Protein chains: 2
Amino acid sequence: MEIALDIAKEGMKTGEVPVGAIIVKNNEIISMAHNEVETSTNPIAHAEVLAIQRACEILGNWRLTDCTLYVTLEPCIMCMGAILNSRISKLVYGAGDNKLGAVESQSDFIHNPLFRNIEIYPGILEEECVDLMQEFFQKIRWSGGQL
Amino acid sequence: MEIALDIAKEGMKTGEVPVGAIIVKNNEIISMAHNEVETSTNPIAHAEVLAIQRACEILGNWRLTDCTLYVTLEPCIMCMGAILNSRISKLVYGAGDNKLGAVESQSDFIHNPLFRNIEIYPGILEEECVDLMQEFFQKIRWSGGQL
């Protein structure tokens, strides 16, 4: 998660919402990514989706069975769907997302039987992950909406 | 939807689950795509996601407000999340997907207030869309799992 936080900070420097993700298989980091929505003008380019795509490219397989995704922010609905579609086994995340998070805030959704095979561990390095998000949104407020 | 069906058929020729999507703005087709999961080894490469990415690239904007997405199959959870994130206003689809569809089969999910601003029209050219899916899965069975 510390590495994911560092990646999130890299993303923030380019004006992105600071979310970082890494994918681990057999104790080895396969891929990492931060949000690229603004820089690539692409609403799909969330850290989780990019990390999944890169991991599949590296493994030559679109099934990421036995992989763990670490991400600094609770995934949104799209990213939880991508985690499901890619067969990721384990999700570890830091800060909760009260508005768009698909695990805690949309809890009706995560209790769907489709997600029963994914282990989920929330709140890892939560304080650091929350602090980073707050820092970002404070900067946006100070700058009148633009970083 | 007829155009989306033609695109889905193109995808089927390459061994993909035959799903086709187009995005329309001001009565003009902005983008189109079929599934590319197998050919690109990418679990994110659903027709809807690819059509959204291409539309954003063409418009130079990740917000697809006032756009309509036509797709031959009921979107999965990932694609409904992508539709939400991209601010698409209207979804029109053909066949329902009893297993993974995020509108009809996962109805707890689509009744989430986050989706209240998206107009949804199911069952358009439903018979043709269902026939195409059935044709694909029959071919798979006949061929022992490989097209």
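The values are calculated or read from the model by the stated rules, or taken from the named source; none is laboratory data. The structure presented is a predicted model; accordingly, all values stated were derived computationally and were not measured. Note that we place each Cβ from the backbone using ideal geometry, even for glycine, and neighbour counts take in every protein chain shown.
Before moving on, here are some points about what is shown:
- Matching residues in the stretch B:17-46 - criterion: being over 14 Å from B:Thr72 (Cα atoms) and part of a loop (DSSP other than H, G, I, E, B): B:Asn26, B:Asn27, B:Glu36, B:Thr41, B:Asn42, B:Pro43, B:Ile44, B:Ala45
- Taken together, the criteria exclude A:Leu5 from residues that are crowded, with 24+ Cβ neighbours inside 10 Å and at pLDDT 95 or above.
- Taking the stretch B:118-134 as the range and being without any contact (Cβ under 8 Å) to a residue 60 or more places away in the chain and away from chain A (no Cβ under 14 Å) as the test, the residues that pass are B:Glu119, B:Ile120, B:Tyr121, B:Pro122, B:Gly123, B:Glu126, B:Glu127, B:Val130, B:Asp131, B:Gln134.
Condition check ((1) facing another protein chain (nearest Cβ under 7 Å); (2) closer than 22 Å to B:Ala51 by Cβ) across all residues:
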site: A:Thr39; (1), (2): no, yes
site: A:Ile44; (1), (2): yes, yes
site: A:Leu50; (1), (2): no, yes
site: A:Ala55; (1), (2): no, no
site: A:Ala82; (1), (2): yes, yes
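- From the list A:Gly15, A:Gly11, the one residue that fits, being in contact with a Gly (Cβ under 7 Å, 6 or more places away or on another chain), of a type outside the set (A, V, I, L, M, F, W, C) and either within 14 Å of chain B (Cβ to nearest Cβ) or under 29 Å from A:Phe137 (Cα atoms) (or both), is A:Gly11.
- Pairs are defined by a Cβ separation below 9 Å, a sequence spacing of at least 6 or placement on different chains, a first member in the stretch A:90-102 that is without any contact (Cβ under 8 Å) to a residue 60 or more places away in the chain, and a second member that is in a loop (DSSP other than H, G, I, E, B) and of a type in the set (Ser, Thr, Tyr); the pairs so defined are A:Gly96/A:Ser105; A:Asp97/A:Ser105; A:Asn98/A:Ser105; A:Lys99/A:Ser105.
- The set of residues in the stretch A:59-72 being touching a residue at least 24 places away in the same chain (Cβ under 8 Å) and facing chain B (nearest Cβ under 10 Å) consists of A:Leu59, A:Trp62, A:Arg63, A:Leu64.
Rundown of residues vs (1) buried (at least 22 other Cβ atoms within 10 Å of the Cβ); (2) farther than 16 Å from A:Met80 by Cβ; (3) without any contact (Cβ under 8 Å) to a residue 40 or more places away in the chain; (4) touching a Cys at 6+ places or on another chain (Cβ under 7 Å), yes/no style:
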site: A:Pro18; (1), (2), (3), (4): yes, yes, no, no
site: A:Asn27; (1), (2), (3), (4): no, yes, yes, no
site: A:His34; (1), (2), (3), (4): yes, yes, yes, no
site: A:Ile44; (1), (2), (3), (4): yes, no, yes, no
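- Selection status of B:Thr68, out of contact with any helix residue (DSSP H, G or I) (no Cβ under 8 Å at 6 or more places or on another chain), hydroxyl-bearing (Ser, Thr, Tyr) and modelled with pLDDT of 95 or more: yes
- The stretch B:48-64, residues that are more than 9 Å from B:Ser86 (Cβ to Cβ) and of a type in the set (Val, Ile, Thr): B:Val49, B:Ile58
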